[in-house]
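J.: Got a structure here, written out as structure tokens. Questions coming.
The values are calculated or read from the model by the stated rules, or taken from the named source; none is laboratory data. All values derive from a computational prediction rather than experimental measurement. Note that we place each Cβ from the backbone using ideal geometry, even for glycine, and neighbour counts take in every protein chain shown.
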Amino acid sequence: MKTVVVTGVSTGIGWGTVKVLTKNGFHVFGSVRKAADGEKLKAEFGDVFTPLVFDVTDEAAVAAGAAQVREALQGNTLSGLVNNAGIAAPGPLLFQSIDEFRNQLDVNITGQLIVTQAFAPLLGADTDMEGTPGRIVMISSVAGKSSAPFLGAYAASKHGLEGMAESLRRELMLYGIDVVVIGPGAVATTIWDKAEDVDVSRYQNTAYAPILDQFKEFMLTSGRKGLAREKLGRAVLKALTTAKPKTRYAVVPGRLMNWTIPQLLPQRMVDRMIAGRLGLSPKK
């Protein structure tokens, strides 16, 4: 049976990935931050799921999780690592707290490297492991290529993640370990219920206050119409199993309007379109 580690599986894309992979012959080791979440998922998915309890920024806890997986593998290579865990901290960069910005990068970039360093030996960087080298799948975002206003910290983390993934892909050729990026658009998950509770009142004395309310409503509406979690799970399955995967997959609802055309248009034109939609044009 093929084995894969997926981080951040309690909800959202991680949960959808576990569902698809376990139905397609994989045993999934899934990371959660709370033991209770792991027990719930174990009850849901059965013997083909093993919970790992760690926060991706906790080096010691991640190392303990890797040791647990190594013991279970009994000398065989891990088939895949899906770096999915991440957070989003919205806000205008001009006024966002540095601590919040720093934490965004710590979780979404540094945490991914902590996990990669811990599990890469099991994927084949430890040449004593037996079997075909595994693959790493990095869950990025459309924000890894295109930055929206008020998501600057998140976009910075995803741009950074994609740069790191590209370097890793080239460095890990030495071991036969491939690295594939998946850049989802909006996914219909419970994150949008949490987003509704995001407090933007701290910016009420800035020029962005009325625009933030409009932006929040736009994000909630588009997010709840997003892709099913399982669709991202199927994209992960493809990245892990296809003979010659692409280096990056853009999995975006309304792909033509939300991905293809914005990528082709001059960026100044896209700027004006966004400004017009959200009211970011200078006041005359």
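J.: So Val236 passes all but one of these: (1) assigned to a helix (DSSP H, G or I); (2) more than 29 Å from Met164 (Cβ to Cβ); (3) touching a residue at least 40 places away in the same chain (Cβ under 8 Å). Which condition number does it fail?
T.: For Val236, the exception is condition (2).
J.: I'd like to know if the stretch 31-38 contains one or more residues that are surrounded by 23 or more Cβ atoms within 10 Å (Cβ to Cβ), within 20 Å of Phe119 (Cα to Cα), of a type outside the set (D, E, K, R) and touching a helix residue (DSSP H, G or I) at 6+ places or on another chain (Cβ under 9 Å).
T.: Looking for residues that are surrounded by 23 or more Cβ atoms within 10 Å (Cβ to Cβ), within 20 Å of Phe119 (Cα to Cα), of a type outside the set (D, E, K, R) and touching a helix residue (DSSP H, G or I) at 6+ places or on another chain (Cβ under 9 Å), one finds at least one in the stretch 31-38, hence yes.
J.: Got a sec? Which of Val142, Val53 is under 26 Å from Gly160 (Cα atoms), surrounded by fewer than 23 Cβ atoms within 10 Å (Cβ to Cβ), modelled with pLDDT under 95 and not hydroxyl-bearing (Ser, Thr, Tyr)?
T.: Just one listed residue meets the conditions, Val142.
J.: Kindly provide the set of residues from the stretch 148-185 that are in contact with a strand residue (DSSP E or B) (Cβ under 8 Å, 6 or more places away or on another chain) and over 24 Å from Arg102 (Cα atoms), ordered by number.
T.: Those that are in contact with a strand residue (DSSP E or B) (Cβ under 8 Å, 6 or more places away or on another chain) and over 24 Å from Arg102 (Cα atoms): Arg169, Leu172, Ile177, Asp178, Val179, Val180.
J.: Still on this structure: Within the stretch 78-99, work out how many residues are among the β-branched types (Val, Ile, Thr), modelled with pLDDT of 95 or more and either within 14 Å of Ser157 (Cβ to Cβ) or surrounded by 22 or more Cβ atoms within 10 Å (Cβ to Cβ) (or both). Give the derivation first.
T.: Step one: filter the stretch 78-99 for residues among the β-branched types (Val, Ile, Thr), giving 82, 87, 98.
Within this subset, residues satisfying the condition of being modelled with pLDDT of 95 or more are 82, 98.
From what is left, the residues that are either within 14 Å of Ser157 (Cβ to Cβ) or surrounded by 22 or more Cβ atoms within 10 Å (Cβ to Cβ) (or both) are 82.
Adding up the residues that qualify gives 1.
J.: Sort out which residues of the stretch 212-234 are of a type outside the set (D, E, K, R), surrounded by 17 or more Cβ atoms within 10 Å (Cβ to Cβ) and at pLDDT 80 or above, and write them in order of number.
T.: Leu212, Phe215, Gly226, Leu227, Leu232, Gly233
J.: Next question, about the same structure. Determine, yes or no, whether Lys2 is of a type in the set (D, E, K, R), surrounded by fewer than 22 Cβ atoms within 10 Å (Cβ to Cβ), closer than 22 Å to Ala235 by Cα and free of Cβ contacts under 8 Å to residues at least 24 places away in the same chain.
T.: Criteria not met by Lys2.
J.: Ala61: crowded, with 23+ Cβ neighbours inside 10 Å and either touching a Leu at 6+ places or on another chain (Cβ under 9 Å) or closer than 26 Å to Ser167 by Cβ (or both), yes or no?
T.: Judged against the criteria, Ala61 is not a match.
J.: Yes or no: Leu122 assigned to a helix (DSSP H, G or I) and either buried (at least 21 other Cβ atoms within 10 Å of the Cβ) or at negative phi (or both)?
T.: Against the criterion (assigned to a helix (DSSP H, G or I) and either buried (at least 21 other Cβ atoms within 10 Å of the Cβ) or at negative phi (or both)), Leu122 qualifies.
J.: Would you point out which residue out of Ser167, Ser157 is within 30 Å of Tyr208 (Cβ to Cβ), modelled with pLDDT of 95 or more and part of a helix (DSSP H, G or I)?
T.: Ser157
J.: Is one or more of the residues making up the stretch 195-206 aromatic (Phe, Trp, Tyr) and either over 29 Å from Ile13 (Cα atoms) or free of Cβ contacts under 8 Å to residues at least 12 places away in the same chain (or both)?
T.: yes
J.: Still on this structure, I have one more. Say we look at the stretch 248-284 and pick out the residues that are over 21 Å from the mean Cα position of the chain (by Cα) and part of a loop (DSSP other than H, G, I, E, B); which of these is surrounded by the fewest Cβ atoms within 10 Å (Cβ to Cβ)?
T.: My answer is Lys284.
J.: Still on this structure, please answer the following. When residues of the stretch 55-77 are filtered for being among the hydroxyl-bearing types (Ser, Thr, Tyr) and within 14 Å of Gln117 (Cβ to Cβ), how many remain?
T.: Number of matching residues: 1.
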